[in-house]
Amino acid sequence: QLNDLWDDLDLMGDGAKHYTGTLVLKRTSTQHESDLGEELVEWEVVDGQQRATTCLILIDQLRRAFGRLADAGVAPAAERANVLQRTYGLVPLAGRGEPRLRLGADFHDYWATCVLADGQQTRGKLRDAERRLSVAAEFFSAQIDDLCEGVSPEEAFQRLKELQRRVTLGLRFLVYEVEPESHAGEIFETLNARGRELTELDKIKNYLLFLAESLPGSRKNTVVREVNVAWTGIHE
């Protein structure tokens, strides 16, 4: 649905807002302090990870475009790129950059290294989820290039500024905070049982995650990781 998102952005007028979907978040007990002294609370994304990931990929491609304009001599573009990186991209933690959004354990390294940074994958074939991340990055890169084609660097900067405004201020999410004792799986199923039906495979996974909620902390986290990794293998 990448085209749908881009079309929505294209149709937004000056100062317009666009409802982009719901984010369901569950606060965890994990906290971090960045190398810059920023206090970070970790949240589990119960629902909405795909749309959040897609928006962050778009913002990262926008950051890269500002960086290219800075190299072309548009001085304000450099600060724009830096702000987007600090706000939405990699957070300095323990001397290295950690993404604001952590994806599943089986493809998080690709997300951090090859999508948000400029590293190269070490395997020959991409997993399906990694391929989708790569396709999204390439799609938004091409759309941004088309947006700036045939105009001066200064005009391109103005166009990218407007795109940034639409993405970071115009896209609006309904954010629902789940109580810590809530069962995230039940909420996920309630939200997704309308429209396209959940498959039996989705429901089985959801039920296993529901059962894992009753386990002690460390064991629960281990089982949740094992289920998520196993389901990635099943889908592959």
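The values are calculated or read from the model by the stated rules, or taken from the named source; none is laboratory data. Being a predicted model, the structure only gives us computed values, none of them experimental. With ideal geometry, Cβ positions are generated from the backbone for all residues, glycine too; neighbour counts draw on all protein chains shown. We work out accessible area using only protein heavy atoms, side chains counted, and drop any ligands, DNA or RNA first. Shrake-Rupley method; radii C 1.70, N 1.55, O 1.52, S 1.80 Å.
Computed over protein heavy atoms with a 1.4 angstrom probe, the accessible surface ordering of S29, S134, S218, S152, largest first, is S29, S218, S152, S134. Inter-label distance, N228 to D71: 3.4 nm, where each label sits 7 Å from its Cα along the C-beta direction.
Other residues with beta-carbon under 13 Å from the beta-carbon of L215 carry, at +1 per Lys or Arg and -1 per Asp or Glu, a net charge of +1. Charged side chains reduced to their Cβ positions (Lys and Arg at +1, Asp and Glu at -1) give the stretch 111-156 a dipole of some 600 debye around its Cα centre.
If I take R0 = 45 Å and measure r between the Cβ atoms of T30 and S152 in this structure, what FRET efficiency does the formula 1/(1 + (r/R0)^6) give, to the nearest 0.05? With a Förster radius of 45 Å, E is 0.45. For the pair V83 and D145, label points projected 7 Å from Cα toward Cβ lie 2.7 nm apart. Kirkwood radius for the stretch 1-40, taken over all pairs of different Cα atoms as the inverse mean of 1/r, rounds to 13.9 Å. FRET efficiency for the R159 to N3 pair, using the beta carbon distance and R₀ = 25 Å, is estimated at 0.85. Surface composition of the stretch 23-156: carbon plus sulfur atoms contribute 48% of the solvent-accessible area (1.4 Å probe, protein chains only, all chains present).
Here the simple spin-label model places points 7 Å from the Cα toward Cβ, and for A105 and L174 these points are separated by 3.4 nm. Scanning residues 5 or more positions from H18 or on other chains, those with amide H under 5 Å from its amide H are L171, R172, with H placed 1.01 Å from N in the peptide plane. Projected onto the charge dipole of the chain (+1 at Lys/Arg Cβ, -1 at Asp/Glu Cβ, origin at the Cα centre), which of V83, A230, V167 gives the Cα projection farthest towards the positive end? Checked the options; the winner is A230.
Helices in the chain, meaning DSSP H runs of at least 4 residues, each add -39500 (n - 2.57). Divided by all residues, the mean residue ellipticity at 222 nm is -17000 deg cm²/dmol. Looking at the chain, the accessible area is 60 square angstrom per residue; that uses a 1.4 Å probe and ignores ligands, DNA and RNA. When only Cα pairs below 8 angstrom with a gap of at least 6 residues are kept, the chain shows a relative contact order of 26 percent.
Using 1/(1 + (r/R0)^6) with R0 = 25 angstrom and r between the beta carbons of R96 and V41, what's the FRET efficiency to the nearest 0.05?
After rounding, the FRET efficiency stands at 0.80.
When trypsin sites (Lys or Arg not before Pro) are flagged only if DSSP places them in a loop and at most 10 other Cβ atoms lie within 10 Å, the longest unflagged stretch of the chain comes out as 1-122.
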